[in-house]
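Colleague: What follows is a single structure, and I will ask about it in a moment.
The values are calculated or read from the model by the stated rules, or taken from the named source; none is laboratory data. Just so we're clear, the structure is a prediction, and the values are computed from it rather than from any experiment. Positions of Cβ are backbone-derived with ideal geometry, glycine not excepted, and every protein chain shown enters the neighbour counts.
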Amino acid sequence: MPTKPVEDADAALAASPDNADLLLAAGGARATAWRFREAIDVYSRGIALHPQDARFYRFRGHRYLTLRRFDEGARDLDRAAQLDSTNFDVVYHQGLAHYLLGHYARSADAYGTCLGFAGNDALRTREARGEFRQGYRSCMRIATNADDRVAMVDWAWRANRRAGRRAEADRLLGTITEGMTVNTNRSYYENLLMYKGLRTIDQVLGTTTGDSVRFSTSGYAVGSWLLLQGDTARARAMFERVASSPHWNGFGLIASEVELVRARTTGK
């Protein structure tokens, strides 16, 4: 991967080595170059210097998940959520961390809290007044941003179903309708329409042709859907397809690996 962005970020950081934003940029440049262990080291330095800045825990936690270090990722993301509970990206990754650990109820609770903030008029008013830190996605934005909504509801639906909370999963699915304006997160949207019976498996997978990222996202959703229907053989075959795709740091691929390991361990 290109090294110049890393060199540029490091040069800027050298002029102000304790600057939180520059540390985040240096870590982010390494993550973009898939130098995830180095990114973790930079974020760890940031935590030592700025222990109350949720961003370092959020990004280090994300990269722990990338490296399949789920317990460490969950600890970081739980801490990030304590420090910045209305941050969409913090909660999105926190819920995912617990989902990967099989903590389905904790995952569902995290997503439910963020989705609840979207309907909190008081919080939305405070955000409109500029009371929250600028430059990040908030849970409150879900109320008006369909891309954010479908991304979180997709994982929240699965977490609730796996936690045995069918009624809550159905309620969440009721917030998703045909004709929503979804631009960047079409795969999540197609997954949700499949759960509603408005798309077939073939239709969902047909939208991913030639795109390993979208295939990872929708392939895992299809496997999960089949697993929930009791079709374990087809579910496992789909997880194996996703796990063999090239986008190894995608969450759908990581989750598929987890399902395959769990199946080998439990025989289910």
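Colleague: Spot the failing condition for ASP154; the list is (1) surrounded by fewer than 24 Cβ atoms within 10 Å (Cβ to Cβ); (2) under 17 Å from ALA110 (Cβ atoms); (3) not aromatic (Phe, Trp, Tyr), and only one is missed.
Modeller: Only one criterion is unmet by ASP154, namely (1).
Colleague: I'd like to verify a number: residues in segment 1-20 that are surrounded by fewer than 12 Cβ atoms within 10 Å (Cβ to Cβ) and assigned to a helix (DSSP H, G or I), how many?
Modeller: 5
Colleague: Could you identify the single residue in ALA20, ALA25, ALA29 that is touching a Pro at 6+ places or on another chain (Cβ under 8 Å) and either at pLDDT 95 or above or closer than 21 Å to ALA108 by Cα (or both)?
Modeller: Only one candidate qualifies: ALA29.
Colleague: Could you count how many residues in segment 217-268 are acidic (Asp, Glu) and farther than 20 Å from GLY164 by Cβ?
Modeller: 2
Colleague: Quickly run through segment 105-153 and pick out the residues that are without any contact (Cβ under 8 Å) to a residue 60 or more places away in the chain, acidic (Asp, Glu) and under 17 Å from VAL182 (Cα atoms).
Modeller: ASP147
Colleague: Among the candidates ARG30, ARG55, ARG60, which residue alone is touching an Asp or Glu at 6+ places or on another chain (Cβ under 6 Å), under 21 Å from ARG133 (Cα atoms) and surrounded by 24 or more Cβ atoms within 10 Å (Cβ to Cβ)?
Modeller: Result: ARG60 is the single residue among ARG30, ARG55, ARG60 that is touching an Asp or Glu at 6+ places or on another chain (Cβ under 6 Å), under 21 Å from ARG133 (Cα atoms) and surrounded by 24 or more Cβ atoms within 10 Å (Cβ to Cβ).
Colleague: Also, I was wondering about something else. Look through segment 236-268, keep the residues that are more than 21 Å from the chain's Cα centre (by Cα) and among the small types (Gly, Ala, Ser), and return whichever of them is nearest to ASN191 (Cα to Cα).
Modeller: ALA237
Colleague: Check LEU228, LEU253 and return the single one that is buried (at least 17 other Cβ atoms within 10 Å of the Cβ) and not polar (S, T, N, Q).
Modeller: Step by step, each of LEU228, LEU253 is checked, and only LEU253 is buried (at least 17 other Cβ atoms within 10 Å of the Cβ) and not polar (S, T, N, Q).
Colleague: Could you figure out which of (1) out of contact with any Leu (no Cβ under 8 Å at 6 or more places or on another chain); (2) modelled with pLDDT of 95 or more isn't true of ASP71?
Modeller: (1)
Colleague: I need every pair where a residue in segment 1-29 that is touching a residue at least 60 places away in the same chain (Cβ under 8 Å) has its Cβ under 8 Å from the Cβ of a residue that is of a type outside the set (Asp, Glu), sequence separation at least 6 or different chains.
Modeller: Taking only residues 6 or more apart or on different chains, not a single pair turns up.
Colleague: Being within 19 Å of GLY112 (Cα to Cα) and among the charged types (D, E, K, R) narrows it down to one of ARG199, ARG165, so name that one.
Modeller: ARG165
Colleague: Here's a follow-up. Is it the case that some residue within segment 115-124 is within 16 Å of the chain's Cα centre (by Cα) and outside the structural domain of ASN249 (by TED's automatic domain parsing)?
Modeller: yes
Colleague: Please report, ordered by residue number, the helices (runs of 4 or more DSSP H) entirely within segment 201-261 with at least 3 residues that are on the phi > 0 side of the Ramachandran plot and of a type in the set (Asp, Glu).
Modeller: Counting at least 3 such residues, we get no helices (runs of 4 or more DSSP H) at all.
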